[in-house]
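**Student:** Here it is, the structure in full.
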Amino acid sequence: MARALNQLPHRLVVYGIERKTFNSGVGLSPAVEAAADEVLRSVKETMHELSLIIDLMRKIDVIAREQGARRVVGVKVRLGALSHISPAHLREHFEAAATGTIAEAATLDIEALRGERDPYAQSTR
């Protein structure tokens, strides 16, 4: 339906849990409960990463517009030691989020900070 309405997102993630039986009146098996906990953890992690990348893309857009840029060719990011996202994962999310934006095809230079006491340890700047 999203494709027919031209509303298909650039990226779509679907989580599923397969049951072995479908008897009515039977609660969740321990295996399904464990799988549901894992899916919930994964969704929470994805939401955190999504909020980071949305904020980063907003900052890029604001700075580019302030500078009168029509295109962004490079972005440098400092990734705090406690930001809970790896450089590889940030790069993956950036490439997906930049599609169709002023930063599409921009190179991403990531400086991974190591110090947990660094003032930017929990940020993506």
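Derivation of every value follows stated rules applied to the coordinates shown; laboratory data play no part. Predicted, not measured: the structure shown is a model, and the values here were computed from it. All Cβ positions, glycine included, derive from the backbone under ideal geometry; neighbour counts span all protein chains shown.
**Student:** Hey, what does the equivalent ellipsoid look like for the chain, semi-axes from the Cα gyration tensor as sqrt of 5 times each eigenvalue, largest first, whole Å? The partial results should precede the final answer.
**Tutor:** Working: eigenvalues 254, 97, 19 Å².
Equivalent ellipsoid of the chain: 36, 22, 10 Å, largest first.
**Student:** How large is ³J(HN,Hα), in whole Hz, for each residue of the stretch 49-63 in order, when computed from phi with the Karplus curve 6.51 cos²θ - 1.76 cosθ + 1.60 and θ = phi - 60°, using x for Gly and Pro?
**Tutor:** Values per residue, Gly and Pro as x: 5, 5, 5, 4, 6, 4, 5, 4, 5, 5, 4, 4, 4, 4, 5 Hz.
**Student:** Which cross-chain or sequence-distant (5 or more) residues have an amide H under 5 Å from the amide H of residue 78, H modelled 1.01 Å from N in plane?
**Tutor:** Result for residue 78 returns 111, 125.
**Student:** Given R₀ = 22 Å, FRET efficiency for residue 89-residue 61 by Cβ-Cβ distance, to 0.05? Spell out each step's value before the answer.
**Tutor:** Values: r = 22 Å, r/R0 = 0.98.
Using R0 = 22 Å, I get an efficiency of 0.55.
**Student:** Using just the helices of the chain, give the 222 nm mean residue ellipticity in deg cm²/dmol: DSSP H runs with n ≥ 4 each add -39,500 (n - 2.57), and the total is spread over all residues, rounded to 500. Before the final figure, lay out each step's value.
**Tutor:** Details: 2 runs with 49 residues, N = 125.
Calculated from helices alone, the mean residue ellipticity at 222 nm is -14000 deg cm²/dmol.
**Student:** For the chain, modelled as a Gaussian network with Cα springs under 10 Å, which listed residue fluctuates most, 40, 12, 56?
**Tutor:** 12
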